[in-house]
Amino acid sequence: MTAQEAEYCLYHNILPYWVRLRDDEHGGYYGQVRGDETIIPTAERSAILYARLLWTFSACKMIEEADRVKDYILDHFIDKQYGGAYWAVDYMGQPIATKKQFYAQAFMLYAFSEYARITKDDAALQMAIQFYRWIKHYAIDHVHGGYWEATNQQWQPLTDVRLSDKDENTCKSQNTHLHIMEAYTNLYQIWPDDELKNDIAHLIQVFEQHIILPNGHLGLFFNADWQVTSNTFSYGHDIECSWLIDEAAQTIGINANESVLRLSDHPFPLSNMTMDWWEPAEAVVGYLNRYKHFHDEQAWQHAQAAWNYINNHLIDHQHGEWFWSAQHLTNNDKAGFWKCPYHNSRMCLQIIKINPILQ
């Protein structure tokens with residue numbers, strides 16, 4: 001698990017795969033590739049996929065590709081009438097799901113701020129700031145704190161606010177808060193606004209007071225007043241949260257509560273061959289972050305074990321990219337609504353960033 005291995009995975013396995021998915025007929029990139037490498041040219045295109053493509057190409061300094069996806073987002077995903085980004089468009093670029101999921105607005109903020117960070121493009125920075133303001137204006141719960149899940153196209157209340165079919169229909173979730181915080185943190189690095197700093201501190205406080213439970217796991221779904229509505233937990237989100245909150249705290253110059261780093265205490269279930277590709281990727285980064293703080297040799301060994309699992313079971317060494325899971329099922333996406341070059345590219349970049357500190 002060296003920086004050289006991470007660079008090879010990123011620049012020879014992951015990124016070339018996505019470049020090949022350019023749709024030269026309709027613009028942008030194809031919305032879906034199945035596990036058997038079948039491209040579905042008429043598949044819908046999600047805001048999540050396109051925001052994560054923009055973030056990835058920007059972070060990896062692939063400016064030509066980043067420009068292509070940025071222009072597609074501006075032309076097809078931005079709601080010119082009400083603001084914000086649509087949830088999905090069809091393969092022709094026409095909106096087919098117009099709700100405003102704040103998880104998606106956060107990823108658009110994250111993507112445009114990364115593009116602005118790399119290119120110094122002021123228009124992209126202003127777009128990132130605009131997404132920040134849309135989230136602030138329409139998503140904040142001014143009574144109990146935190147952020148709502150979704151609205152309709154006109155920013156009005158929505159009956160079904162679920163992020164996906166796997167999620168509960170509750171008004172607040174760990175996942176949305178985590179990625180709003182991640183997006184705010186990325187924006188703050190290039191736009192150190194005092195109000196934004198306070199918003200990041202508030203989100204960290206929300207996690208410490210409401211979302212991190214006494215059992216050391218994250219609650220996943222909540223009512224408006226932060227009553228947890230689910231007894232389930234997610235190892236992947238636990239360990240992802242442990243390093244993202246730590247990063248947010250360091251960015252604004254404070255220390256995260258000990259409960260945050262405790263989220264990486266739990267042994268990661270690498271024996272579960274059905275887990276999604278993103279979970280071992282987050283395990284690598286979370287355990288490396290723990291090792292960076294405590295020089296915990298067991299954390300280093302856990303990170304190496306997660307990397308070995310990825311290399312042996314998830315990386316498609318023949319066609320590129322990663323399989324959805326170690327089962328390599330053909331009906332699972334290699335690219336799609338949720339299968340994007342985000343968790344794996346970010347893992348590689350974090351390994352490259354952290355490795356010199358660990359030597």
Per residue, accessible area of the stretch 133-204 with a 1.4 Å probe, heavy atoms of protein chains only, in Å², comes to 45
tail above 27 Å in the computed P(r) of the stretch 33-159, as % of all Cα-Cα pairs, reads 20
Distribution output for the stretch 212-317: share of Cα-Cα pairs per 5 Å bin in percent, first bin at 0, values 2, 13, 22, 21, 19, 13, 7, 3, 1, 0
tail above 40 Å in the computed P(r) of the chain, as % of all Cα-Cα pairs, reads 6
The stretch 246-334 accessible area per residue, 1.4 Å probe, protein heavy atoms, integer Å², reads 45
Magnitude of the Cβ-charge dipole (Lys and Arg +1, Asp and Glu -1) of the chain about the Cα centre, nearest 20 debye, reported as 220
Rounded to the nearest 10 Å², the accessible area of Arg162 using a 1.4 Å probe with every protein chain kept is 80
Using a 1.4 Å probe on heavy atoms of the protein chains only, the accessible area for Leu158 in Å², nearest 10, reads 60
Taking Trp226, Trp134, Trp338 and ranking on accessible area (1.4 Å, protein atoms only), highest first, one gets Trp338, Trp134, Trp226
Per-residue accessible area, 1.4 Å probe, largest first, puts Val89, Val228 in the order Val228, Val89
Ignoring ligands and nucleic acids, Cys171 exposes an accessible area, probe 1.4 Å, in Å² to the nearest 10, of 40
Regression test value, accessible area per residue of the stretch 1-106, probe 1.4 Å, units Å², expected 38
Ranking Trp18, Trp148 from most to least accessible area with a 1.4 Å probe gives Trp148, Trp18
In Å, the Kirkwood hydrodynamic radius from C-alpha pairs for the stretch 2-61 sits at 12.7
Output row, site His266, 7 Å Cα→C-beta label point, backbone N cut-off 11 Å, window the stretch 209-230, residues 213, 215-220
Extension length gain for Ile140 and Asn152 (0.36 nm per residue less Cα distance), in nm, is 2.8 nm
In the chain the accessible area split gives carbon plus sulfur, as whole percent at 1.4 Å, a share of 47
Relative contact order in percent for the stretch 189-344 (Cα pairs under 8 Å, 6+ apart) equals 17
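The values are calculated or read from the model by the stated rules, or taken from the named source; none is laboratory data. Keep in mind it's a predicted model, so treat the numbers as computed, not measured. Reconstructed Cβ throughout: ideal geometry from the backbone, glycine too, with neighbour counts over all protein chains shown. We work out accessible area using only protein heavy atoms, side chains counted, and drop any ligands, DNA or RNA first. Shrake-Rupley method; radii C 1.70, N 1.55, O 1.52, S 1.80 Å.
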